[in-house]
Amino acid sequence: MAAGLFELRRDAITGWWVATVVDRAFHRDRFERTAGQVDDAGACQNCLLPPGEGVRLRVLKDYAFHVVGTGAEAREIERSLAQVALAQARASGSWRTVVAPPGEHRPLHAVGLGMIRELLEQCRAAVVDARVAGQTDYLQVVQNWGTQAGARTNHLCLDLYDLPQVPHRIAEELGGAARFVIREGECPFCRAVREETVRADRLVWQDDSSLAYAPYASRSPFEVWVVPRRHEADFGRASDADIASSGEALRRVLGLLATLGGPPYNLVLHTAPLRERVDATYHWHWEIHPRLREIAGLELGTGLPVNPVSPEEAVEELLRHVRPESPELD
């Protein structure tokens, strides 16, 4: 048995710490969880809007974010709203969604690579358009699958949040990656791609263009990152080969995670900010965070993530379900 309950691991990019449980035997039934379905009474709006067939872009809310800052600033805005238009009160951003064809309620890994590529291509185009428009600071792409992950629809879709600020998590990665390049002379994501391929105990899948692995300081059980081998900060400049490869990686990884009962998860794109050039230091990637447990008091009180399954153990468990003849790790 290990000397302590937790093994403290440090994220090489952000410098944040994670407490990984190391002296508890893995019990699969603790992490088998099925994604909950949204009760939409049989009326799926993403099947109806916008009209048409195929993959579509639906606008849910223009000016989705009302920037109020501190409490004092919010009170000042409230006092002046009678004289000031909402747009002048720093309303900005938008909420849109890339929706699969009408009736498509299957999970992402079940729809085939062709449709996955279409969805990702739409997201790439949205990043390009947002950068050209220059009206916001960051475009966040997410998929929430299952009610436990915050899904509001059973329809297969990827949400686009055009944000008036760079999110805290992204800012920490940007700063940490820049410091890593200064200190080590190379991109931390490029180094991770090289090292995870060599050690292989956290490697889930790879091909000539992409790698899927569980990060060393995984914040959540069965967390997996999909990282392109080619260094590129901006997902808007992802090549067609990058799109195809990352789409296949997502299909494979989510298919393996489905063996945990078809769990809820959040899929998140990390890419360069729209108004900053970080070409030398940042590296776009996808993060998959299964929602397999509840957040407890230690995490809320300290901000220290607690992962009850080591990433090495998680990958070993996932790969138990790869058939010997399957090319998952070819």
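Bear in mind these aren't lab numbers, they're just calculated from the coordinates by the rules spelled out. The structure displayed is predicted, hence computed values, not measured ones. Cβ placement follows ideal geometry from the backbone for every residue including glycine, while neighbour counts extend to all protein chains displayed.
The GluC sites (Glu not before Pro) of the range 22-74 that meet both conditions, a loop assignment by DSSP and at most 16 other Cβ atoms within 10 Å of the site Cβ, are Glu32, Glu53. Were the residues from Asp39 through Arg293 laid out at 0.36 nm apart, the gain over their Cα-Cα distance would be 89.2 nm. Over every Cα atom in the range 116-242, the radius of gyration and the widest Cα-Cα span, Dmax, amount to 16.0, 45 Å.
GNM on the chain, alpha-carbon springs under 10 angstrom: the most fluctuating residue among Val18, Val226, Val132 is Val132.
Mean-square fluctuations from a GNM of the chain, with a 10 angstrom spring cutoff on Cα atoms, peak among Thr70, Thr259, Thr34 at Thr70. Given C-alpha coordinates of the range 192-330, what is the ratio Rg to Rh with the Kirkwood estimate of Rh? Result for the range 192-330 is an Rg/Rh of 0.98.
Each residue of the range 25-31 is assigned a 3J(HN,Hα), and the resulting list reads 5, 6, 10, 4, 5, 6, 10 Hz, derived from the Karplus form 6.51 cos²θ - 1.76 cosθ + 1.60 (θ = phi - 60°), x at Gly and Pro. For Val224, the residues whose amide H sits under 5 Å from its own are Ile288, ignoring neighbours fewer than 5 places away on the same chain, with H placed 1.01 Å from N. When the chain is treated as a GNM, springs tying every alpha-carbon pair under 10 Å, which of Arg33, Arg183, Arg106 comes out with the largest mean-square fluctuation? So, out of Arg33, Arg183, Arg106, the one fluctuating most is Arg183. By the Kirkwood approach, averaging reciprocal distances over each pair of separate Cα atoms, the range 146-198 gets a hydrodynamic radius of 14.4 Å.
Tell me, what is the FRET efficiency for Cys190 and Leu304 to the nearest 0.05, using R0 = 41 angstrom and their Cβ-Cβ distance as r?
Rounded to the nearest 0.05, the efficiency is 0.90.
In the chain, the DSSP-assigned H stretches of four residues or longer account for a calculated mean residue ellipticity at 222 nm of -9000 deg cm²/dmol, using -39500 (n - 2.57) per stretch and the full residue count as denominator. Stokes-Einstein diffusion for the range 96-182 at 20 °C, viscosity 1.002 mPa s, with a Kirkwood radius from C-alpha pairs, works out to 146 µm²/s.
State the Kirkwood hydrodynamic radius of the chain in Å, one decimal place, computed from all pairs of distinct Cα atoms.
The Cα-based Kirkwood calculation yields 21.1 Å.
Couplings 3J(HN,Hα) for the range 96-109, derived from phi with the Karplus relation 6.51 cos²θ - 1.76 cosθ + 1.60 (θ = phi - 60°), are 10, 9, 8, 10, 5, x, x, x, 8, 10, 7, x, 4, 5 Hz, where x marks Gly and Pro. Fully extending the segment from Ala74 to Asp23 would add 13.6 nm, taking 0.36 nm per residue of separation and subtracting the current Cα-Cα distance. Under a model in which nothing but the beta-carbon of Lys, Arg (+1) and Asp, Glu (-1) is charged, the chain shows a dipole of about 460 debye around its Cα centre. For the chain, averaging the sequence separation of C-alpha pairs within contact (under 8 Å, six or more residues apart) and dividing by the residue count gives a relative contact order of 23 percent. With the simple model of a label 7 Å out from the Cα in the direction of the Cβ, Glu312 to Tyr63 spans 5.5 nm.
Partnerless cysteines in the chain, where a partner means another cysteine C-beta under 4.7 angstrom, comprise Cys123, Cys157. A cut-off of 5 Å between modelled amide H atoms, ignoring neighbours fewer than 5 places along the same chain, links Ser210 with Arg229.
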